[in-house]
1. If you count the DSSP beta bridges with both ends in the chain, what percent of them are antiparallel, to the nearest 5?
2. Would you kindly compute the Cα radius of gyration of region 337-387 and its largest Cα-Cα separation (Dmax), both in Å?
3. Over the Cα atoms, compute the radius of gyration (one decimal) and Dmax (the largest Cα-Cα distance, rounded to a whole number) for region 190-267, in Å.
4. Per residue, how much accessible area does the chain have with a 1.4 Å probe, in Å²?
5. Which residues in region 133-172 have a backbone N closer than 14 Å to a point placed 7 Å from the Cα of Asp183 along the Cα-to-Cβ line?
6. With viscosity set to 1.002 mPa s at 20 °C, what whole-number translational diffusion coefficient in µm²/s follows for region 438-495 from Stokes-Einstein and a Kirkwood radius over Cα pairs?
7. Report, to one decimal in Å, the Kirkwood hydrodynamic radius for region 225-294 based on all distinct Cα pairs.
8. Quick one, can you get me the convex hull of the C-alpha atoms of region 262-399 expressed as volume per residue in Å³?
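The values are calculated or read from the model by the stated rules, or taken from the named source; none is laboratory data. Predicted model, so just to flag it, every value in this text is computed and none were measured. Cβ atoms come from the backbone with ideal geometry, glycine included; neighbour counts cover every protein chain shown. Please note that ligands, DNA and RNA were not included when accessible areas were found on the heavy atoms of the full protein model with its side chains. Shrake-Rupley method; radii C 1.70, N 1.55, O 1.52, S 1.80 Å.
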Amino acid sequence: MTAKQRTLIPVLGDQLSLDLWSLAKASPDSTTILMMEVAEETTYVRHHKKKIAFILSAMRHHAAALRDAGWTVDYVALDGPDNSGSFTGEVARAVERHAPDRIVVTEPGEWRVRAAIESWETLFGTPVTIAPDTRFIASHAEFEAWAEGRKALRMEYFYREMRRKTGLLMDGDEPVGGRWNFDAENRKPAQADLLMPRPLSFAPDDMTRDVLALVARRFGDHPGTLDGFDFAVTRADALKQQRHFLTHAFARFGDYQDAMLTGEPFLWHAVLSPYINVGLLDPLDLCRKVAAAHDKGKVPINAAEGFIRQIIGWREYVRGIYWREGPDYVDRNFLNATRDLPGFYWTGDTDMRCLADAIGQTLTHAYAHHIQRLMVTGNFALLIGADPKQVHEWYLEVYADAYEWVELPNTLGMSQFADGGLLGSKPYAASGAYINRMSDYCGQCRYDVKARVGEDACPFNALYWDFLARNEAKLARNPRLAMPYRNWQRMDAGDREAVRGRAAEFLSSLDAESGRD
């Protein structure tokens, strides 16, 4: 009888699923799973304290679940003796401990980790198989085939292919409801509601408390706070959060997904992205439950379609863009933006109410919903001409769901237009009027949202026109900006000068206090 090959399977911190391809093809009696907490992954940017605690606690709980399922798990803790601090260093030590005949690893989500894994076979003299990540619907080859020969890689058309592939919200070859996209119905402003649902809160157990103490000791200078840590850190609790959203918040998610309210960080949002991106929830299974809720008449089509579009459309699409464009995507800077990100991005200490609220809740919860990210913090960074790489690193630091493959295209491409329109058809630039329409921030702000000039004028207003003016050579031919540029040219020359003067004064004040706290 031929002896079974001894297999070492490294499982990374965002692969916390029992259904990985690498595990499905392995036998527990001849396999060792390696899980590694390494310093390199906690500090390559200054991750939010709660983000680090969430991932480490989820990893430790997942290791326990794997052992319960019959697997042998070699777990390397962050403060363990002789921890080398890197994936490659820890795999090298594991190869010495276990002498595997082969290494099988599910493909990582980031270029830098992929490059490290590709060096392992030569370094260790052990065959390495990089398995596909079957948690995603579209393979790299499928996205490449879809993108090949297209002049514009618009998400909407890719999304339709994913709808056809999955059959979600489809009636034969046609979309349920007769339209592919109901986004126009998802832009209602919200009002404070005493019956607004709240996500579930999970009290830390002993394992999580140990992690919180570790993070407090080692990462005290990182952004955010550990106070009130209440993330789900097991699949069972993540599923409870999923059911809670589907039962209590989902029906109104569509209507108010773009709304913002002071002191309300969650509204009707799912707050499931950290669990999806770390592997505790299955995105396709979740989308099937969403579609089933619509089919049973429990939720309207705009809620179901809007939610499903974010996962099988946008999430899959930005992953495809990330891997197609390659490691140099991070260095793109189409608008030649070079200003340092203001220090209040790390403190929330600003008189602009919208920014104070969005950043404040980010530092507290390691979470803000997509419109706060795009149209408040992202919009402001775009208008002031912040260095897009700095903006990218901030988003990667502060959000619990942020991994480079999903965060980088969203930030660099959609939010900051640094790829010149590869991902988005126009810059997402807006004055204070948009924020006033979609939130209650402006009524509680010391600035006047209707004024363009003067010390009390909303800074977004002058900055918006200044952004258009200083980038006219690159943006004026964009058809989606034709009307704003016509409005700018119709403005009295004296008014244009005053607006740009107000913007220059404000930008000078930012430069005087730039940099993180």
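1. On the way: 4 of 23 bridges.
So the antiparallel bridges amount to about 15 percent of the total.
2. In Å, with Rg to one decimal and Dmax whole: 10.3, 29.
3. Cα-based Rg and Dmax for region 190-267 come out at 15.6, 43 Å.
4. Normalised by residue count, the accessible surface of the chain is 42 Å².
5. Those under the cut-off are 153-160.
6. Numbers: Rh = 12.8 Å.
Translational D for this selection: 167 µm²/s.
7. Numbers: mean 1/r = 0.0761 Å⁻¹.
Kirkwood radius, region 225-294: 13.1 Å.
8. Values: hull volume 18.1 nm³, N = 138.
Enclosed volume per residue, from the Cα hull, is 131 Å³.
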